[in-house]
1. Can you tell me which residue is nearest to ILE364 (Cα to Cα) among those in region 282-309 that are over 56 Å from the mean Cα position of the chain (by Cα) and of a type in the set (Lys, Arg)?
2. In this structure, does HIS277 turn out to be part of a helix (DSSP H, G or I) and not β-branched (Val, Ile, Thr)?
3. Yes or no: region 239-251 includes at least one residue that is among the polar types (S, T, N, Q), surrounded by fewer than 19 Cβ atoms within 10 Å (Cβ to Cβ), in a loop (DSSP other than H, G, I, E, B) and within 23 Å of the chain's Cα centre (by Cα).
4. Got a number for residues in region 126-138 being touching a residue at least 24 places away in the same chain (Cβ under 8 Å) and surrounded by 15 or more Cβ atoms within 10 Å (Cβ to Cβ)?
5. Can you name every residue in region 396-434 that is within 12 Å of PHE215 (Cβ to Cβ) and in contact with a His (Cβ under 9 Å, 6 or more places away or on another chain)?
6. How about region 265-281: which of its residues are free of Cβ contacts under 8 Å to residues at least 60 places away in the same chain and among the aliphatic types (A, V, I, L, M)?
7. Can you tell me which residue among LYS378, LYS401, LYS391 is within 26 Å of the chain's Cα centre (by Cα), within 30 Å of ILE286 (Cα to Cα) and not hydrophobic (A, V, I, L, M, F, W, C)?
8. Within region 347-361, how many residues turn out to be touching a residue at least 12 places away in the same chain (Cβ under 8 Å) and out of contact with any Phe, Trp or Tyr (no Cβ under 6 Å at 6 or more places or on another chain)?
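The values are calculated or read from the model by the stated rules, or taken from the named source; none is laboratory data. This is a predicted model, so every value here is computed, not measured. For neighbour counting, all protein chains shown are included, and Cβ atoms are generated from backbone atoms with ideal geometry for every residue, glycine included.
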Amino acid sequence: MYNAKKTSPINNMKFIQYKFDVGFTNNVKREPKSEIEDSSIQLELMDSFYEVKREKPTDISFDMDENGVISYSDPFCKHCYSHKVTKHGHNVRNLIKENGERYTAKVQRYYCPECGKYSQTEFIGQYENYCNFSNETKERSIKVREISWYPFRKLKELYQIFCGTKISHETVRKAQIVTNELYYLNKDIKPSGFYGYDVQWEPLDDGFHYRHLLFDLVNNVPVAELLAPNEDQNTTYEFINKSVKHKDRKAIVTDLKPGYDSVMKKLGFKHQHCTYHLHLAVNERIKKYLKQKDLEIRIDQIKENEKIAKSKLDEIVENEIDKIKSEINIYKRLIFELFNQQTYNKATNYINLLKQEYNNFPEILQKFLKNDFFPEYKKYIWFLKKEFKGKLTRTNNDSEKYFHATLPKAEKKRYRTEQGVFNQIYNRKNGWMKKIKFQLTN
């Protein structure tokens with residue numbers, strides 16, 4: 001009776017030989033033959049004449065004989081890549097496909113007389129050594145983590161639901177490890193020369209680590225990422241210098257952290273200061289100034305009337321602070337109107353207008369303009385230069401958005417090790433890039 005056979009769990013199967021059994025038994029006795037021949041003398045003679053340079057085969061296919069043993073179509077030794085190997089029995093492997101089907105596969109063993117080592121048929125790219133689950137099965141967990149953070153133990157449940165397969169927590173965890181390094185360089189793009197640089201802190205078991213990012217503003221993709229224990233000037237310099245060639249350096253935008261100016265100048269960039277961070281810095285100064293004014297007004301009112309009621313005092317202070325705040329906000333908007341100018345020349349002319357109006361500005365803004373802004377205003381308007389317009393952004397929001405998409409603040413504290421958090425960043429980065437590519441092509 002004919003029994004239907006299961007499909008093979010192995011791709012690239014080149015030849016399958018089935019055994020045709022009609023009940024005939026062969027009782028002829030034959031002398032056993034050794035599959036291993038002593039060729040050591042031949043090898044010694046050959047080695048004296050030439051040395052063969054062997055490379056690992058790239059196009060690997062498989063055959064299955066009448067006994068169901070799977071072997072290489074072109075057998076080779078995995079240690080020295082010699083093709084002069086002899087068969088040496090077989091081993092049994094239990095394999096599980098992505099749909100949950102289970103197979104018992106017989107895999108051919110080989111002996112290599114040239115290096116004297118044993119090996120067996122390996123399903124490279126389909127099943128890893130010592131693992132029953134196919135690579136495609138394990139990659140499904142990576143695809144899930146590309147779009148969202150999902151606990152390993154919950155991923156086990158997803159396998160049970162969709163594949164009918166029980167998979168261990170450790171197998172899922174190891175599947176997420178796609179890189180053993182803490183540095184990534186995007187080699188698939190041609191750098192535009194215009195970048196955003198930012199740092200995100202990551203709390204791990206052994207203390208804070210820092211995620212350095214270099215983001216291409218034109219191509220809208222990350223150029224390089226690094227997870228390091230430091231965020232000092234030397235780390236910043238070494239990271240960017242390693243990631244971008246000199247010919248690909250034009251301009252870069254960063255936040256207002258002290259020290260970035262000297263680093264970017266040394267690297268050969270025009271350094272654009274983020275105007276959003278400037279806005280935050282000015283607001284923080286105004287907040288402190290208003291707090292101080294609040295205290296001064298209260299002290300003056302109490303000196304004038306020691307018996308003043310608290311409710312009355314609060315009302316007076318609130319009215320006075322509102323007047324001061326209103327005036328500050330009017331002049332603050334005048335300052336930030338600078339960044340709405342259409343050209344670099346118009347922006348420099350606007351700076352001259354601000355200087356003419358300097359004496360009319362509130363005290364807090366006068367100090368800011370004189371000490372911090374006027375001496376280095378050009379660093380805030382590089383984005384208006386003709387050669388930079390449309391390429392260099394005035395803020396570092398693109399880097400911030402990428403940080404938020406690949407490792408949101410709520411997920412930071414879920415990781416314990418450098419390898420764990422960087423592999424998650426790596427997987428989410430791949431998912432983010434697929435999404436961007438889909439949006440551009442649809």
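1. First, pick out the residues of region 282-309 that are over 56 Å from the mean Cα position of the chain (by Cα): 300-309.
Imposing the further condition that a residue be of a type in the set (Lys, Arg) reduces the set to 303, 307.
Numbers: LYS303: 25, LYS307: 32 Å.
Per the criteria, the residue is LYS303.
2. On the way: part of a helix (DSSP H, G or I): yes; not β-branched (Val, Ile, Thr): yes.
The answer is yes for HIS277.
3. No.
4. 8
5. Scanning region 396-434 gives a single hit, ASN396.
6. Answer for region 265-281, where residues must be free of Cβ contacts under 8 Å to residues at least 60 places away in the same chain and among the aliphatic types (A, V, I, L, M): LEU267, LEU280, ALA281.
7. Testing whether each residue is within 26 Å of the chain's Cα centre (by Cα), within 30 Å of ILE286 (Cα to Cα) and not hydrophobic (A, V, I, L, M, F, W, C) leaves just LYS401.
8. The first filter runs over region 347-361 and keeps only residues touching a residue at least 12 places away in the same chain (Cβ under 8 Å), leaving 347-348, 350-351, 354-355, 357-358, 360-361.
With the extra rule that they be out of contact with any Phe, Trp or Tyr (no Cβ under 6 Å at 6 or more places or on another chain), the set shrinks to 347-348, 350, 354-355, 357-358, 360.
Of the residues in that region, 8 qualify.
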